[in-house]
Amino acid sequence: MGALTFTEEFSSPVTAKRMFTALVLEADALIPKLMPQAIKSIETTHGDGGPGTIKTLTLAEGAQFKNLKHRVEAIDKENMRYSYSMLEGEALMDKVESIIYEIKFEPSSDGGCKVTNISKYILKQGMDTPEEEIKAGKAKAMAVFKVVEAYLLANPDVCV
């Protein structure tokens, strides 16, 4: 079984605390509200939000996939770090056992933040790298980030 790791860094004019709050702490309610054409709901099916919590994402009608299942691995509110694994769902394709994400939000000197996203793809035995699918998944994740960022910029009183 092989593994592929990708690290991406990007910046935002929104503070680290607000981005962390929106994309981690309030994501279950906020993201389906902002992107109903893509995500129908995010529901906790087991746990209290801490490590071990299982969340089911139900995607909107017409989406490429129907649902995804995530497990919270770690959440550090003080240092604005979050880790979760994708355990089930069509997005894993037939080639990937699981995907582990680690996200870190850091304040930047301009008042915004730097976001570091590490994605580790655990490939099934004997499978080739699903490069096109990985690129498509990264693009979708960046789209969510940009929608949330635009919402926070337009609404400076939310997620404070």
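The values are calculated or read from the model by the stated rules, or taken from the named source; none is laboratory data. Computed from a prediction, not measured in an experiment: that's the story for all the values here. All Cβ positions, glycine included, derive from the backbone under ideal geometry; neighbour counts span all protein chains shown.
Can you go through Thr21, Thr44, Thr5 and tell me which one is among the hydroxyl-bearing types (Ser, Thr, Tyr) and free of Cβ contacts under 8 Å to residues at least 60 places away in the same chain? Being among the hydroxyl-bearing types (Ser, Thr, Tyr) and free of Cβ contacts under 8 Å to residues at least 60 places away in the same chain holds for just one of Thr21, Thr44, Thr5, which is Thr44. Filtering the stretch 119-157 to residues that are assigned to a loop (DSSP other than H, G, I, E, B) and farther than 17 Å from Met35 by Cα leaves Lys124, Gln125, Gly126, Met127, Asp128, Thr129, Pro130, Pro156, Asp157.
Which residue is modelled with the highest pLDDT, if the candidates are limited to the stretch 37-84 and must be in a loop (DSSP other than H, G, I, E, B) and of a type in the set (A, V, I, L, M, F, W, C)? Result: Met80.
For the stretch 92-145, a residue qualifies if it is surrounded by fewer than 14 Cβ atoms within 10 Å (Cβ to Cβ) and modelled with pLDDT of 95 or more, and the qualifying residues are Pro107, Ser109, Asp110, Gly111.
All of (1) touching a residue at least 60 places away in the same chain (Cβ under 8 Å); (2) over 17 Å from the mean Cα position of the chain (by Cα); (3) not in a helix (DSSP H, G or I) hold for Thr116 with one exception: (2).
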